[in-house]
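Encoded as structure tokens, the structure appears first; notes follow it.
The values are calculated or read from the model by the stated rules, or taken from the named source; none is laboratory data. None of the values given here were measured: they were computed from a predicted structure. Because the Cβ atoms are built from the backbone with ideal geometry, glycine has one as well, and the counts that use them run over all protein chains shown.
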Amino acid sequence: MLKGLLEHIGIEPGRLNFSWISSAEATKFVDVAQQVAASVKALGPARYLIKKRAEVA
Amino acid sequence: MKHPRFIDMSKCIACGTCAEKCPKKVDDPFNENMGKRKAIYVDYAQAVPLKYSINKDECLYFKKGKCRACEKFCPTGAINYEDKEEKVVLQAGAVILSTGFKTFNPSTFPTYQYASFENVVTSLEYERILSATGPYQGHLVRPSDYKEPQKIGWLQCVGSRDINRCDHPYCSSVCCMYAVKEAMISKEHADYDLDAAIFFMDMRTYGKDFEKYYERAKEHGIRFVRARLHTLEEDPETKDIKVRYADEKGEIQVETFDMMVLSVGMETPAELVETAKTLGIGLDTDNFAATGVFTPVETSRKGIYVCGAFSGPKDIPQSVTEASSAAAGAGLLLSSARNTLTKEKHIPEERNIIGERPRIGIFICQCGINIGGIVNVPSVRDYAATLPYVEYATDSLYTCSQDSQETMAKIINEKGLNRVVVAACTPKTHEPLFQETLVDAGLNKYVFEMTNIRNQCSWVHKDSPEMATAKAKDLVRMAAAKVSLMEPLKETELEVDQRALVVGGGIAGMVAAKTLSSQGYQVYLVEQTGSLGGNALLLSKTWRGDDVQSRLSELISSVESDKNIEIYKDTKLTNVEGFVGNFKTTLNDQNVIEHGIAVIATGGKEYIPNEYLYGKDPRVVTHLELDKMFLAGDQRLKDVKNAVFIQCVGSRVPERPYCSRVCCTHSVKSAINLKENNPDTNVYVLYRDIRTYGQREELYKEARNRGVIFIRYSLEERPVVENINGRISVRIKDHILQQGIAIDPDLVVLASGIIPQDNEALAQMFKLSVNEDGFFMEAHAKLRPVDFATEGVFLAGMAHYPKPIEESIAQAQAAVSRAVTLLARKKVMVSGTVAQANPVMCSSCSVCIDICPYSAPSFIKQGPFTGKAEINPALCKGCGLCVASCRSGALNLKGFGTDQIMAMINEI
Amino acid sequence: MSDWEPKITTFLCHWCSYGAADLAGVSRLQYPHNFRVIRVPCSGRVSPKFILAAFRHGADGVWVSG
Amino acid sequence: MIEYTAIIRDTAKKLLKDGKVDVFIGYKKGTVPMMNEPVVISDPEKVDTLHWDSLCGLNLCNYLTKRKDKIGIIANGCNSRNIVTHILENQISREQLYIVGIPCTGVIDHRAVLRAVGNKEVLDVQEQGDKFTVSGNGFSETFDKAKFLRTNCAVCTHRNPVIYDEMVASPVKEQEGVDPFEDVKKIEAMDPEKKWGFFTKMIERCLRCYACRNSCPLCYCPTCFVDESKPQWVGKSIDPTDTMTFHIMRAYHCAGRCTDCGACERVCPVGIPMRQFTKKLNKDALEYFSWEAGLNPDARPPLDVYKPDDYNDFVK
């Protein structure tokens, strides 16, 4: 639901990822890691919702 | 006899360098020889202990006298070619055999062409093919050409239920279910429309929730074909497998599969037969360890117990149950010696660090070249020293080695450190070790954080050392940020009340009470009816032919005369308070009993049919009523001309979509009894699948030999029982003959299923869960079959699921065994990593109470914070679910606090 | 932008995915280095706050794995 | 509509007199036209203050939270669903309540009315059946109520109360053929950049006054996450990121609980349509969990319980 909401306000779908991997599924872990890295990389640096460092009181 | 490993276990750090350098590739037996491993190896990646060993028969040094590559590269000098076979003599008061089984080897049988056709594999090989750690890294491909199979067939009962080819008359119990599972997983694995077909004789999905899985498999499009394949042919070009079979209508079908999986059964390996002789324990005709229905884990020799598939084919939950049961047996023999071999450890007093400014020590491990070879450890160390609050940063070759531990303890004291970070391998294996060092140095074990720069950094980023170093720095920074916010946590100690409550006075309950009492514990046994015995009071004989009533009355009188057992008949529970170690239970007579653990053995009951003229015609009885007639020596049974058994009455129907497990065996046994009474009685069994699992299959065979006629029907075309002018008429469509049959029986026996008791109230009192069918739900279907998710409460007998006496007894003993692990400790330590509520912030919305799987949160009942949530640390497992779901921010998880995790997030 | 590497805040369940990640290491399976792992006792521990906080702190991606 | 008022007064009087309730919660006419206010009555002689018309736009459930006394309350569709949620969430018990059900035909959007009269000061409003007349200095205009419904009421599909002890009138016909999520779908069709632009622009005006939070019956935490200090992770000023974080979390806390009563938008002093956040969650709750808040007094909202077959297509 949170993912839906964040996407709704413009956070790109590939930014937030969820998965279920059992402790024996090393290959799945690597597969998903590659997918996640690729999807985030394809989106470029995050643009939205970043709190500017200088503004942190 | 201890075989040599040629590795010093205390030195091996499982870095894997030896296997990487070893030049000798050998077949990997763990992957059913489908993949390769090295001559120096670990059995499989999750092996415990994770230590290497050398296969002497394959090692080049042992065979040819040179190589020694592993010795050269081993960073810790763990290789020892001089290791010798060692004779170890152990003194033991009891022996438990859990030696298991081997799968049937189908290679000698030409029908299956297993040896010659590449794409015919056994089910175990297929398991490895599906596995992520298997020979094809979990990609579903077939052996001949690594092509993704479009069509896979499973062939059931290979090496089971077959006396012509393999001399195994028994059913291997597990193959139907694993074949369905493999087919389902294959369907999930394949991102295309895989055609999966299972060729079977009877589909034996008799376990808890198995039938539902079977139904789901059908919905997923898995084909279930009732046929025995008689020929497998291989296409020499494509290596596809062509099969021929007669379908249910008797028509010959030809299909081509890309792969054929042989669902191989279980057997006792020959060397185990020898071991049994050495040990002097009896085997039965199938070479399984002989046990009795009332003594399911005892071998013929006192003091030797057996569990798992050595005493007959069985699945994981049953094996696990028996393991605990055998442990209970052994524990009983040894109970006088309990705690006599324990040693006490000296622990220095904990230094109070509250209020101190964090002084962090960071210890970075090179793990030989494992980390140091990729990550620039000195630069991480120097970077670490610059982080806030860091007092000291160092690196060492092996932080986990004994001397490093001693140094670490010394540094903690010298530098007055009050927080420690170790950047090394994985906390999953090494956190306890370092925490122990902290404790030895007078620190609380929770002011510690471990970050993983090996398994999750150096090992997986070999090609980019710079990036790996940058990542390691980030990870260390995150860990330091977190640890600076860590506080010492207390592990509370709770006394465990040494008394036990057993709910239910049937066989399971009585056995549980008796076993607890024999181990020296006081037991309260609560039974809701006026007499002990439960359903067993209605049974005549076990499937092995034991007389139930005589055994039962022995058990009842031994329970009733037991001074440790206090029996409450005609009694129910009305309220339960407390938690593991300290329950307070109120009975309906207002008596309050206090106990440390509870065993739930409330049993089940017979389904009262409303179908098939039951209750309307005295000639229609349930099988328990037939048992009563047998018990009473009813003369009418001798005069029965035609008897009809109808199976699955109230079971495997949409309203009750589970199999009652015991009815097939029960009916087959009763059918044989009728035949014994009068061989001229015509006995018909109308069934859907005959589920005489395990060695019960032999009864099925006997029944057929005695002339019992088995006629199959389907759910869509159930038998019709009518009263026609005073005669009972049973009509059914025979699937083999494809025509209707009419029988005029003078006795109709309904194999009516087993339904649960009304468990709802009890479940609420003890905070247990029941499944959709109304049976209690264990903590884990496979691995924790007698535990509840609620600690201190255990499950036995038919309250869990319908089951025969031997399984109820094993489960009762297992429940006790599990309970004794708590009772014997006398105290339970509660982990420090638990949730904590701040009542001021709580909005009483009760989300935590609803979401917690362990019932740890509750509302405060009195005082200024009445109605606000509190967490019982004894019940909390520290998962943090409640914390994440708390909108009000009133909850926090100690050790994984919101501030701590936020601090880590901030450092990324 | 081609040499830009994202940072992905990663929450791994101690019992499941963290174990898988360890095992990936044991098996020496290589994967991208963009993940910064925060070990949690259960993926249920990951509250929406953390995800928002991660983005607020400039994480290019968030991965929650149970 | 207006005729409900008399019945409400009678009922309240009887309940208070008979001691069946200690207080009665309803609406009274506002000091400013079109702005009816909630009122709590404990004296049976003062029931004539009670009033009902199509301008009762606040959620009365907000006034129930953690009360210990016996309460009479009027409730239309959405308010009654919030009462159900309140009961589920342990904020009030059913036994404490006497619910006077109101079949609702929607609430008038006072902002739309003001726009229609060119923002002239309205001094009086009168409702006649499905029309209403507003008048002020030198003007008097009559409008169709249906055209001036609040946007949440216009697409409401639960006008009748789901829980009540008595009804002031027989149920009204539920609206058919309305798509509650037309606006959500429009946003869903945008690309991420447009979406982000839309929402950032939308909350630009936010003052962080928390009127939306305070008017919402779901927001009853003693300390709101924005006020937490250990750690303080959301700033309290009107920094765009902090404001956005507030709105995301506020909406998320309402996931599976929001009845789309519209109180938040009604009270917003700067007119932010923040239901665009919650409506997306309502839509997803309906799609993924077949769930609409407050319809079932026996079921916890979907995010409060875990079921193995929960929607999980987003999980890899």
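For region C:6-21, the set of residues classified as within 8 Å of chain A (Cβ to nearest Cβ) and more than 16 Å from B:M467 (Cβ to Cβ) consists of C:W15, C:C16, C:S17, C:Y18, C:G19, C:A20, C:A21, listed by residue number. Taken as a whole, the condition of being surrounded by fewer than 24 Cβ atoms within 10 Å (Cβ to Cβ) and among the aliphatic types (A, V, I, L, M) does not apply to C:L12. Applying the criterion of at least 1 residues that are modelled with pLDDT of 90 or more to the strands (runs of 3 or more DSSP E) found wholly in region B:789-908 leaves B:793-795, B:835-837, B:857-859, B:869-871, B:891-893. Checked against (1) in a helix (DSSP H, G or I); (2) surrounded by fewer than 23 Cβ atoms within 10 Å (Cβ to Cβ), B:T437 passes all but condition (2).
The single condition among (1) closer than 18 Å to B:K482 by Cα; (2) in contact with a Lys or Arg (Cβ under 9 Å, 6 or more places away or on another chain) that C:V37 does not satisfy is (2). Only residues that are part of a helix (DSSP H, G or I) and either crowded, with 21+ Cβ neighbours inside 10 Å or out of contact with any helix residue (DSSP H, G or I) (no Cβ under 9 Å at 6 or more places or on another chain) (or both) were counted across region B:673-683, and they come to 2.
Being buried (at least 18 other Cβ atoms within 10 Å of the Cβ) and assigned to a loop (DSSP other than H, G, I, E, B) is the requirement here; does B:R696 meet it? Considered against the rule, which asks whether it is buried (at least 18 other Cβ atoms within 10 Å of the Cβ) and assigned to a loop (DSSP other than H, G, I, E, B), B:R696 comes out as no. Mind checking which residues of region C:22-46 are of a type in the set (A, V, I, L, M) and more than 7 Å from chain A (Cβ to nearest Cβ)? Selection gives C:V26, C:V37, C:I38, C:V40, C:V46.
Do you know which of the residues in region B:825-853 that are polar (S, T, N, Q) and under 28 Å from the mean Cα position of the chain (by Cα) is farthest from the other protein chains (Cβ to nearest Cβ)? Taking the candidates together, the pick is B:S831.
Within region A:21-41, being surrounded by fewer than 20 Cβ atoms within 10 Å (Cβ to Cβ) and modelled with pLDDT under 85 holds for A:S22, A:S23, A:A24. If you filter region D:176-226 down to residues that are assigned to a helix (DSSP H, G or I) and acidic (D, E), you find that the one that is farthest from the other protein chains (Cβ to nearest Cβ) is D:E182.
For region B:854-908, a residue qualifies if it is touching a Pro at 6+ places or on another chain (Cβ under 6 Å), more than 29 Å from B:M777 (Cβ to Cβ) and within 7 Å of another protein chain (Cβ to nearest Cβ), and the qualifying residues are B:D899, B:M902.
The rows are residues; the columns are (1) surrounded by 23 or more Cβ atoms within 10 Å (Cβ to Cβ); (2) out of contact with any Asp or Glu (no Cβ under 6 Å at 6 or more places or on another chain); (3) basic (K, R).
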{"residue": "B:R712", "(1), (2), (3)": "no, yes, yes"}
{"residue": "B:D734", "(1), (2), (3)": "no, yes, no"}
{"residue": "B:T790", "(1), (2), (3)": "no, yes, no"}
{"residue": "B:A796", "(1), (2), (3)": "yes, yes, no"}
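Taking region D:48-73 as the range and being in a helix (DSSP H, G or I) and surrounded by fewer than 21 Cβ atoms within 10 Å (Cβ to Cβ) as the test, the residues that pass are D:D48, D:T49, D:Y63.
Of all residues in region B:466-476, one or more are in contact with a Cys (Cβ under 6 Å, 6 or more places away or on another chain), under 26 Å from B:M902 (Cβ atoms) and not small (G, A, S). Does C:F50 fit the bill of being crowded, with 21+ Cβ neighbours inside 10 Å, assigned to a helix (DSSP H, G or I), modelled with pLDDT of 90 or more and more than 8 Å from chain A (Cβ to nearest Cβ)? Judged against the criteria, C:F50 is a match. I want to confirm something. Restricting to region B:454-479 and keeping residues that are aliphatic (A, V, I, L, M) and over 22 Å from B:K428 (Cα atoms), which single residue is farthest from the other protein chains (Cβ to nearest Cβ)? My answer is B:A470. Across region D:90-113, the number of residues qualifying as more than 18 Å from D:E37 (Cα to Cα), in contact (Cβ under 8 Å) with a residue 60 or more places away in the chain and out of contact with any strand residue (DSSP E or B) (no Cβ under 8 Å at 6 or more places or on another chain) comes to 3. Scanning region B:292-322 for residues that are touching a strand residue (DSSP E or B) at 6+ places or on another chain (Cβ under 9 Å), surrounded by fewer than 19 Cβ atoms within 10 Å (Cβ to Cβ) and within 19 Å of B:A513 (Cα to Cα) yields a count of 0. Taking the criterion of being crowded, with 21+ Cβ neighbours inside 10 Å and in a helix (DSSP H, G or I), the residues of region D:10-46 that qualify are D:T11, D:A12, D:L15, D:L16.
When region B:448-474 is filtered for residues that are surrounded by fewer than 22 Cβ atoms within 10 Å (Cβ to Cβ) and in a loop (DSSP other than H, G, I, E, B), the ones remaining, listed by number, are B:K462, B:D463, B:S464.
Report, by residue number, each residue of region B:365-391 that is in a helix (DSSP H, G or I), touching a residue at least 60 places away in the same chain (Cβ under 8 Å) and under 20 Å from B:V447 (Cα atoms). Scanning region B:365-391 gives a single hit, B:A384. Within region B:644-672, the set of residues being of a type outside the set (F, W, Y), under 15 Å from B:L747 (Cα atoms) and part of a strand (DSSP E or B) comprises B:V644, B:I646, B:Q647. When you check B:A512 against the structure, is it within 14 Å of chain C (Cβ to nearest Cβ) and either in a helix (DSSP H, G or I) or of a type in the set (D, E) (or both), yes or no? In short, no. In the condition set (1) without any contact (Cβ under 8 Å) to a residue 40 or more places away in the chain; (2) part of a helix (DSSP H, G or I); (3) of a type outside the set (D, E, K, R), D:W291 is compliant with all but (2). Which condition breaks for D:A251 when tested against (1) in a helix (DSSP H, G or I); (2) more than 14 Å from chain B (Cβ to nearest Cβ)? In the conditions (1) in a helix (DSSP H, G or I); (2) more than 14 Å from chain B (Cβ to nearest Cβ), D:A251 misses (2) alone. Could you look through region A:42-57, keep only residues that are within 7 Å of chain C (Cβ to nearest Cβ) and surrounded by 18 or more Cβ atoms within 10 Å (Cβ to Cβ), and pick out the one that is modelled with the lowest pLDDT? Selected residue: A:K51. Note on region D:267-288: among residues that are surrounded by fewer than 19 Cβ atoms within 10 Å (Cβ to Cβ) and in contact with a Phe, Trp or Tyr (Cβ under 9 Å, 6 or more places away or on another chain), the one that is farthest from the other protein chains (Cβ to nearest Cβ) is D:L286.
Within region D:225-241, being buried (at least 21 other Cβ atoms within 10 Å of the Cβ) and not aromatic (F, W, Y) holds for one residue alone: D:V234. With respect to the conditions (1) surrounded by fewer than 24 Cβ atoms within 10 Å (Cβ to Cβ); (2) in a strand (DSSP E or B); (3) not charged (D, E, K, R), B:I411 falls short on a single one, namely (2).
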